[in-house]
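Enquirer: Please find one structure pasted underneath; my questions will follow.
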Amino acid sequence: MNDFDVIVVGAGPAGLLAAGRAAELGAKILILEKMRQEGRKLMLTGKGRCNITNNAEISEFIKNVYPKGRFLRTAFSNFFSKDIIELLEKYGVETVLSRGGRYFPASNKAADVLQALLKWVKGLNVEILCGHRVEKLLVENNVLQGVQANGQNFKTANVILATGGKSYPATGSNGDGYELARRVGHSIEKALPALVPLETEGGVAQKLQGLNLKNVRAAVWINNKKIAEEFGEMIFTHFGLSGPIILTLSRIVVKELHNKNRVEISIDLKPALDEQKLDKRLLRDLNEHGKKKIGNIFRYWLPATMVPVFTELLEIDPEKECHQISSNERKQILHLLKNLRFKVSHHRSFKEAIITAGGVPTNEISSKTMESKLLNGLYFAGEMIDLDAKTGGYNLQIAYSTGWLAGNMCNKKGEIG
Ligand SMILES: Cc1cc2nc3c(=O)[nH]c(=O)nc-3n(C[C@H](O)[C@H](O)[C@H](O)COP(=O)(O)OP(=O)(O)OC[C@H]3O[C@@H](n4cnc5c(N)ncnc54)[C@H](O)[C@@H]3O)c2cc1C
């Protein structure tokens, strides 16, 4: 006799969706959560505002998920952005659509999202035991028997692992789930930080710390070859580079750093002007202000805090008057405006990574049910699967959709309900 129809490990967004869906189908559910409270990471999302999801179409979502977004087609077809919005609104969370198709709670409080999900699952009689760390999956003769948490056995034939990745380990997601999966035969794609800030050499970024740039283009160069670029917003920090476009590019950067390649990031400060147009503009400004010092003219082209750093990098005497600037010096200015380069030395650790790349490989999981292809009754949901996406609400949607689909198995299993 099983204690529960399904045991869900982890009370993050994936685990809560899995539990809620399974309970809706009449199953008796237990969630085991190792932290003292549910949804610690969810509380931090979107700087405490929670970017709930995105209004992009399924095909667009799939393009923004790595390494194999199409694995999610069934999960997204069953439960997508409109469904989570509907569910949250039903439980009192009004949502607003913001720039870039991002949905936020109108209250701007991630806590409201968590409370709504908890209200939903608790209303369906899902039992939640916090402070219970699952140490072991109990398997006999390749048959799943239950889990062991805090030394105590809980019997079930169905376990949904929704333990998250390795990023922000203080929230409880420290890679436990990978070990649980590995011990029952799953391989684990090496977990690496993604959506993570980057450390740069040379001290230039550090001198610009706090400066936020909008409408710039950043490109990644591997061994001097450009391989990716992003347009948007970024910020300089005391260690290097961060902000949305840097985080998006970090996925490639981290991989290349681990492959021991030379990685550089270039920043185009004037992406709206090609070199020819920018050169014309520089020429015009230099002619118009021939008697002014070049150091003062930089202010026309750059944010004020960048001027001293720019002057230092150019090695042009800032006291020089504009009419004295040679065409060679003008080219140097142009080059720097289009191609401010940083050598990347490291990436920041899991402690600062918004998401984890790697995890249980998708080819070991059924995309139709989220069930393990190696052990009947074992299911996966959320960040512990080898899937990660760019910022914009995509990652949470992966958690809800895979969680919902895993919970939906209670539809089919004759013994449940
Ligand atoms: C700072 C930050 C901001 C973010 N902002 C956004 C955003 O605005 N929008 C967005 O889409 N995504 C955002 N993300 C990503 C998003 O939070 C994750 O994709 C999402 O939380 C993954 O959900 P999950 O349920 O798979 O894992 P988690 O949320 O990590 O939950 C896993 C749970 O499992 C528990 N657990 C782990 N091991 C065990 C064990 N052995 N036994 C019992 N319980 C265990 C953990 O304690 C945890 O509660 C952000 C991430 C961070 C770090």
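Enquirer: Between a first residue in segment 346-358 that is without any contact (Cβ under 8 Å) to a residue 24 or more places away in the chain and over 11 Å from Asn395 (Cβ atoms) and a second residue that is near the ligand (Cβ under 9 Å from one of its atoms) and not in a loop (DSSP other than H, G, I, E, B), which pairs have beta carbons less than 8 Å apart while being 6 or more apart in sequence or on different chains?
Expert: none
Enquirer: Restricting the search to segment 24-36, which residues are part of a loop (DSSP other than H, G, I, E, B), touching a strand residue (DSSP E or B) at 6+ places or on another chain (Cβ under 6 Å) and either closer than 18 Å to Gly164 by Cβ or open to solvent by 40 Å² or more (accessible area, probe 1.4 Å) (or both)?
Expert: If the condition is that a residue be part of a loop (DSSP other than H, G, I, E, B), touching a strand residue (DSSP E or B) at 6+ places or on another chain (Cβ under 6 Å) and either closer than 18 Å to Gly164 by Cβ or open to solvent by 40 Å² or more (accessible area, probe 1.4 Å) (or both), then Arg36 is the only one that fits.
Enquirer: To continue, here is another question. Condition first: β-branched (Val, Ile, Thr) and assigned to a loop (DSSP other than H, G, I, E, B). Now tell me which residues in segment 48-93 satisfy that.
Expert: Matches in segment 48-93: Ile52, Val93.
Enquirer: In the set Leu278, Leu257, Leu247, which member is assigned to a helix (DSSP H, G or I), of a type outside the set (Gly, Ala, Ser), touching a Lys or Arg at 6+ places or on another chain (Cβ under 6 Å) and surrounded by 14 or more Cβ atoms within 10 Å (Cβ to Cβ)?
Expert: Within the list Leu278, Leu257, Leu247, the selection yields Leu278.
Condition check ((1) open to solvent by 20 Å² or more (accessible area, probe 1.4 Å); (2) under 24 Å from the mean Cα position of the chain (by Cα)) across all residues:
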site: Ala22; (1), (2): no, no
site: Leu44; (1), (2): yes, yes
site: Glu60; (1), (2): yes, yes
site: Leu117; (1), (2): no, yes
site: Ile128; (1), (2): yes, no
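Enquirer: Filter segment 61-99 for residues that are under 15 Å from Lys390 (Cβ atoms) and out of contact with any helix residue (DSSP H, G or I) (no Cβ under 9 Å at 6 or more places or on another chain) and give the result.
Expert: If the condition is that a residue be under 15 Å from Lys390 (Cβ atoms) and out of contact with any helix residue (DSSP H, G or I) (no Cβ under 9 Å at 6 or more places or on another chain), then Arg99 is the only one that fits.
Enquirer: Inspect all residues belonging to segment 352-366 and state whether any of them is modelled with pLDDT of 95 or more, within 24 Å of Leu97 (Cβ to Cβ), part of a loop (DSSP other than H, G, I, E, B) and within 13 Å of the ligand (Cβ to nearest atom).
Expert: Yes, that holds for at least one residue.
Enquirer: Something else now. Please identify the pairs in which a residue from segment 45-56 that is modelled with pLDDT of 95 or more has its Cβ atom under 8 Å from the Cβ atom of a residue that is within 6 Å of the ligand (Cβ to nearest atom) and aliphatic (A, V, I, L, M), counting only partners at least 6 apart or on another chain.
Expert: Listed by first residue and then by second, the contacts come to Thr45/Leu396; Cys50/Leu42; Cys50/Leu396; Asn51/Leu396; Ile52/Leu396; Thr53/Leu396.
Enquirer: Given the conditions (1) open to solvent by 40 Å² or more (accessible area, probe 1.4 Å); (2) over 24 Å from Lys368 (Cα atoms); (3) more than 7 Å from the ligand (Cβ to nearest atom), and given that Gly48 satisfies all but one, which numbered condition is not satisfied?
Expert: Evaluating Gly48 over (1) open to solvent by 40 Å² or more (accessible area, probe 1.4 Å); (2) over 24 Å from Lys368 (Cα atoms); (3) more than 7 Å from the ligand (Cβ to nearest atom) leaves (1) as the failure.
Enquirer: Do the conditions hold for Lys109, that is, is it at pLDDT 95 or above, of a type outside the set (Asp, Glu), open to solvent by 60 Å² or more (accessible area, probe 1.4 Å) and in contact with a Cys (Cβ under 8 Å, 6 or more places away or on another chain)?
Expert: yes
Enquirer: Within segment 1-16, which residues are more than 8 Å from the ligand (Cβ to nearest atom) and under 23 Å from Gly165 (Cβ atoms)?
Expert: Val6, Ile7, Val8
Enquirer: Keeping to segment 376-392, report how many residues are closer than 21 Å to Ala353 by Cβ, open to solvent by 10 Å² or more (accessible area, probe 1.4 Å) and not in a helix (DSSP H, G or I).
Expert: Looking only at that region, the number is 3.
The values are calculated or read from the model by the stated rules, or taken from the named source; none is laboratory data. Every value quoted in this text rests on a predicted model; they were computed, and no experiment measured them. For neighbour counting, all protein chains shown are included, and Cβ atoms are generated from backbone atoms with ideal geometry for every residue, glycine included. Calculation scope for accessible area: heavy atoms of the full protein, side chains included, ligands and nucleic acids excluded. Shrake-Rupley method; radii C 1.70, N 1.55, O 1.52, S 1.80 Å.
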